[in-house]
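Inspection log for the structure reproduced underneath, given as structure tokens.
Read the figures in this text as sums done on the coordinates, not as results from a lab. Every value quoted in this text rests on a predicted model; they were computed, and no experiment measured them. A quick note on method: Cβ atoms are made from the backbone with ideal geometry, for glycine too, and the neighbour counts reach across all protein chains shown.
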Amino acid sequence: MTKEQSQVHKWTADETVAKIQHASKNIKEYSYLMKNTVKTIRESGAIPELADAIREASFALRDTVNEINQTTKEIHKKGVVAETANAIDSTIISVEDSVNTVKEIAVDAGKVLPHSKKAVRDGIQKARHLKLKVGVV
């Protein structure tokens, strides 16, 4: 016989009856409390109020998703993304053209004014650095 089995068998009949009666009393008390709690919640209107709040939240979510869907379709239809990408591409081309023009100016200035060649070269380096910072390769 294990230790647990020997402890179970140590209860007398009277002790067993007392434990069962105690458990029954607890079941009755908790059943009464549960019944009263449910009744109070029902009478308070909390459950319908919660259901209404959930319904309203679901309507708001549905409307928000519909607005987002409609907006993304309009953006796609108008070609906003493509136009923006084209504008960025054109800007990059203009920046590259400007950098090449500055290089030509620097070469020309270096031929005419040898002392200012270094200053123009430094300006080109700054322009290259700025170009890299902006993300133009």
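Couple of notes before you dig in:
- Restriction of the GluC sites (Glu not before Pro) in the range 81-114 to DSSP coil positions whose beta-carbon has at most 14 other beta-carbons within 10 angstrom yields no sites.
- The candidate values are (i) 11.9; (ii) 25.0; (iii) 7.8; the one derived from this structure for mean projected area of the Cα convex hull in nm² carries the label (ii).
- Efficiency of FRET between HIS22 and GLU49 - r from beta-carbon atoms, R0 35 angstrom, step 0.05: 0.35
- Helix-only CD estimate at 222 nm, as mean residue ellipticity for the chain, using -39500 (n - 2.57) per DSSP H run (n ≥ 4): -31500 deg cm²/dmol
- Extension gain from ILE124 to ALA57, taking 0.36 nm per residue of separation minus the Cα-Cα distance: 18.3 nm
- Residue-wise HN-Hα coupling along the range 66-79, computed from phi with Karplus coefficients 6.51, -1.76, 1.60 (Hz; x: Gly, Pro): 4, 5, 4, 4, 5, 5, 5, 5, 5, 4, 5, 4, 6, x
- Here the Gaussian network model covers the chain, with springs between Cα atoms less than 10 Å apart; of ILE20, ILE93, ILE47, ILE20 fluctuates the most.
- Highest mobility in the GNM of the chain, judged by mean-square fluctuation with C-alpha springs under 10 Å and restricted to GLU49, GLU15, GLU29, is found for GLU15.
- For the range 14-24, 3J(HN,Hα) computed residue by residue from phi via the Karplus equation (6.51, -1.76, 1.60; θ = phi - 60°) reads 5, 5, 4, 4, 4, 5, 5, 5, 5, 4, 4 Hz, glycine and proline entered as x.
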